[in-house]
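Input: a single structure, listed below in structure tokens.
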Amino acid sequence: MAVLPTPADTDASVLIIGAGFGGIAAAIELQRAGFRDLTVLEAAPEVGGTWFHNTYPGAACDVPSFLYQYSYARRTDWSRGCPPQTEILDYLQTTARTFGIDALVHTDSPVQACVWSADDRRWTATTSDGRIFSAGALVIATGQLHQPHYPELPGIETFEGEAFHSARWRHDLDLRGKRVAVIGNGASAVQFLPEIAKVAGHVTLFQRTGNYFLPRRNPAYSARKRRLLATVPALQTARRTAFTGALEYLTSAIRHPRLIGWGPGAFSRAYMRWQLRGDDELRRKVWPDYTFGCKRVLISSYWLPTLRRPNVDVVTDRLAAVEPGGLRTTDGTLHDADIVIYATGFRTTDFMLPMQVLGTGGRRLQDVWADGAHAHLGITVPGFPSLFLMYGPNTNTSGGSILVFLEAQARYIRKALELVRVRGGGAIEVRPEVEAASDRALQARFDGTAWLTCQSWYRTGTGRIVANWPGYMREFVARTAEVDPAEYTITGAPQPETAPTA
Ligand code: NAP
């Protein structure tokens with residue numbers, strides 16, 4: 001077996017863009033493997049990514065904390081099954097500090113452009129204030145749920161009250177007694193609307209599509225349970241195993257809607273019917289009209305009861321325009337509002353906006369992806385040497401923990417860079433035919449699944465699924481366990497006799 005040169009022997013520098021769960025996972029993985037010249041650029045003033053930006057009331061993770069944490073940095077004293085945003089942000093920032101990653105992070109450094117130079121085989125990243133960083137490899141970890149999406153409604157700028165997106169919560173505004181309009185009823189709205197309905201004078205929810213719900217009360221752990229979970233490792237393992245099984249089962253329901261999905265679908269419908277008993281009109285309004293699992297299944301015991309509150313209305317007429325005093329729907333009604341909250345999700349099919357990424361020959365990644373983003377294992381793209389993506393195309397999960405995916409991606413990137421290192425340096429690039437074949441195989445795996453039965457944020461306008469991995473967590477982990485040198489070309493370095501093993 002070839003001996004690994006130390007990082008100092010080769011150009012081992014790596015630039016990571018984004019200091020959320022993905023960027024921090026990549027930095028920890030590379031640092032633990034001996035890569036020393038690491039720089040992390042983060043647009044926000046703090047480490048945290050989506051958990052820094054999403055501070056709306058009730059923000060929490062609907063994936064249980066025992067699975068929503070790094071496997072090598074397990075916290076055992078979580079306050080509840082699905083902890084609040086503050087606890088998750090604190091966990092991520094503490095982990096970054098514990099591993100010494102915070103010292104590598106340049107905050108307030110939004111990157112405008114990343115350019116590959118074939119001559120010196122380096123990436124150069126330019127921040128909006130003109131600073132230039134360069135490195136032999138680039139990891140883009142800017143996430144899929146990053147750029148707030150606003151609906152294209154005429155008159156949106158004419159609204160005379162306050163308006164903001166759920167991912168940019170205006171904590172300076174007092175909602176008490178106000179008439180609040182909420183557009184959208186996805187995972188974010190489902191968490192904050194029950195909270196604001198407790199204080200607002202009136203809430204009008206503008207809903208386009210009904211959703212499926214599964215129960216989750218999420219009470220705080222009792223002191224005894226917390227002590228037990230913190231001190232009995234077998235209990236922690238049992239929880240992780242149980243949650244993993246439950247999430248893989250949810251994926252099997254989405255993958256096989258007729259054979260398996262009918263079961264959880266029927267359970268969800270029965271649960272919703274029970275929560276909405278006695279209110280047929282509301283039930284008709286909020287009822288989903290698509291296959292269970294096509295959109296994200298929402299997990300909340302509080303959403304439907306909140307919609308029954310006297311100060312909450314659900315409007316299913318389509319929005320026509322925003323006017324100075326509120327929102328007008330297509331039936332001609334003006335719904336007065338003091339505050340409009342856009343819970344309309346993110347620009348999920350436009351990866352990495354507003355950054356420009358230029359690869360070999362100055363080719364723009366956005367142009368390569370004009371018909372929908374694609375990458376080998378969601379990580380590498382032909383024509384973009386030594387560029388790696390964290391949470392890239394087709395690595396989202398509707399029934400799993402993204403942390404499992406991120407750790408697998410970070411490991412894969414580390415192994416790819418070790419392969420470069422063992423060859424004495426150079427640039428690594430996935431072979432175009434390998435990427436094309438793996439993309440065809442991946443897209444084919446969506447056939448027959450629930451994901452193809454409706455439009456969702458996982459799909460482009462043409463219907464191509466660009467967000468989700470089509471299978472199980474365990475498959476992604478297995479598929480990315482090793483870097484196959486035959487799938488890559490390494491340019492600018494002598495070829496070694498042997499490749500590194502794990
Ligand atoms: P989302 O799921 O994309 O929901 C956006 C909502 O806005 C949908 O109800 C959508 O309706 C509606 N909408 C969009 N454009 C509209 C328009 N022009 N007119 C009317 N309605 C419009 O966004 P999100 O709630 O922010 O959640 C995004 C993702 O973030 C989630 O799926 C999840 O992966 C993640 N998330 C996770 C957690 C967690 O606890 N782990 C919490 C929050 C978010 P349609 O359904 O009809 O498109």
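Points to keep in mind about this one:
- Overall Cα dimensions of the chain, principal axis frame, Å, largest first: 73, 53, 43
- For region 320-375, a crude dipole built from +1 on the beta carbon of Lys and Arg and -1 on the beta carbon of Asp and Glu, taken about the Cα centre, is about 380 debye to the nearest 20.
- Under Karplus coefficients 6.51, -1.76 and 1.60, residue-wise ³J(HN,Hα) of region 35-43 in Hz, glycine/proline x: 6, 9, 8, 10, 10, 10, 10, 10, 5
- Put a dot 7 Å past the Cα of Thr237, heading toward its Cβ, do the same for Gln455, and the two dots end up 4.9 nm apart.
- Distant-in-sequence amide H partners of Gln356 (H built 1.01 Å from N, under 5 Å): Ala113, Cys114
- Nitroxide proxy distance, nm - points 7 Å out along Cα→Cβ at Lys198 and Asp120: 5.6 nm
- 20 Å reach of a label modelled at Tyr150, 7 Å along Cα-to-Cβ, counting backbone N of region 329-355: 329, 335-355
- FRET E, pair Thr94, Asp331, Förster distance 45 Å, beta-carbon r, rounded to 0.05: 0.30
- Simple point charges give the picture: +1 on the Cβ of Lys and Arg, -1 on the Cβ of Asp and Glu, and for the chain a dipole about the Cα centre of about 2040 debye.
- Using a simple spin-label model with pseudo-atoms 7 Å out from Cα toward Cβ, Arg36 and Asp317 lie 6.8 nm apart.
- Residues whose placed amide H lies under 5 Å from that of Gly426, excluding near-sequence neighbours: Asp11
- The alpha-carbon of Lys295 sits under 27 angstrom from the alpha-carbons of these lysines, leaving out residues fewer than 8 places away in its chain: Lys285.
- Magnitude of the charge dipole for region 50-136, about its Cα centre and with charges confined to Cβ atoms of Lys, Arg (+1) and Asp, Glu (-1), is about 200 debye.
- Accessible surface of the chain [probe 1.4 Å, protein heavy atoms]: carbon and sulfur percent: 52 percent
- Applying 1/(1 + (r/R0)^6) with R0 = 25 Å to the Cβ-Cβ distance of Glu482 and Thr360 gives a FRET efficiency near 0.45.
- Rounded accessible area per residue of the chain, 1.4 Å, Å²: 41 Å²
- Most simply put, the chain has about 45% antiparallel DSSP beta bridges, counting only bridges with both residues inside it.
- Shape call, region 235-306: gyration tensor on alpha carbons, a/c limit 1.5: oblate
- Based on DSSP H segments of at least four residues, each scored -39500 (n - 2.57), the chain has a per-residue ellipticity at 222 nm of -8500 deg cm²/dmol.
- Backbone phi angles across region 342-355, fed through the Karplus curve with coefficients 6.51, -1.76 and 1.60 (θ = phi - 60°), yield HN-Hα couplings of 8, 9, 9, x, 10, 7, 7, 9, 9, 5, 6, 4, x, 7 Hz in residue order; Gly and Pro are listed as x.
- Size descriptors for region 357-502 (Cα atoms only): Rg and Dmax, in that order, 15.6, 50 Å.
- Dividing the mean sequence gap of close Cα pairs (under 8 Å, 6+ apart) by how many residues the chain holds gives a relative contact order of 21 percent.
- Cα centroid of region 180-238 to Cα centroid of region 346-367, whole Å: 34 Å
- Cα gyration tensor shape for region 332-408, rounded if a/c is under 1.5, else prolate or oblate: oblate
The values are calculated or read from the model by the stated rules, or taken from the named source; none is laboratory data. Just so we're clear, the structure is a prediction, and the values are computed from it rather than from any experiment. Because the Cβ atoms are built from the backbone with ideal geometry, glycine has one as well, and the counts that use them run over all protein chains shown. Surface accessibility is based on the protein's heavy atoms, side chains included, excluding ligands, DNA and RNA. Shrake-Rupley method; radii C 1.70, N 1.55, O 1.52, S 1.80 Å.
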